[in-house]
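See structure below.
Every read-out reported here was derived from the displayed coordinates using simple, explicitly stated rules and does not represent laboratory data. Source: prediction; values computed, not measured. Virtual Cβ from ideal backbone geometry, glycine too; neighbours counted across all protein chains shown.
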Amino acid sequence: MTLKFLITGAALAAAAIASAPAAAYDLKTSGRTLASPQLTVDVLRKISDYAKVSGGCHFLFSAHMQVMPRNYLPTQPTKPAVARGGHFEQWTVNACGAKQRFQIALWPSPRGGSDYAITPLTGRMPLHAR
């Protein structure tokens, strides 16, 4: 074997590993959501994208989901989910050893399915913070 052959093989192997899907792990979820399984995946994917951009985190370990009561008042500006026939939830994710809380607005889409808006409620916090 030549050195050129070994270098080419190593480069191809590294490219194959780097292109592996990022979500090749089990995400632990708890709590309750009214989102469908597909919608849950879509929202978590957007939260994961946010964690990558805002904190350099490439791994969500867990998510706790909580449906908010009908009279819940959003703490930050968001889409008027209730006026559109939807509701609010709060999801707390563990991303790279820190937790962050998000407000999720969900409502029926006029095109079918659901639309959503994600609002960060906190920055990255220690896991023991409430």
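For the pair ARG111 and ARG130 in one chain, pulling the backbone fully straight at 0.36 nm per residue adds 3.0 nm over the alpha carbon distance.
Around the amide H of GLY86, modelled in the peptide plane, lies no amide H under 5 Å away from a residue 5 or more places distant or on another chain. Largest first and in whole Å, the equivalent-ellipsoid semi-axes of region 23-126 read 23, 15, 12, each the square root of five times a Cα gyration tensor eigenvalue. Each of LEU34, LEU73, LEU60, LEU44 has some number of other Cβ atoms within 10 Å of its Cβ, and from fewest to most they run LEU73, LEU34, LEU44, LEU60. Taking a point 7 Å from the Cα of GLN66 along the Cα-to-Cβ direction, the residues of region 78-100 with backbone N closer than 13 Å to it are 89-93, 100. For a straight C-alpha distance cut-off of 14 angstrom, the aspartates and glutamates reachable from LYS46 (same-chain residues fewer than eight places away being disregarded) are ASP115.
For region 92-130 versus region 38-74, the spacing of their alpha-carbon centroids is 3 Å.
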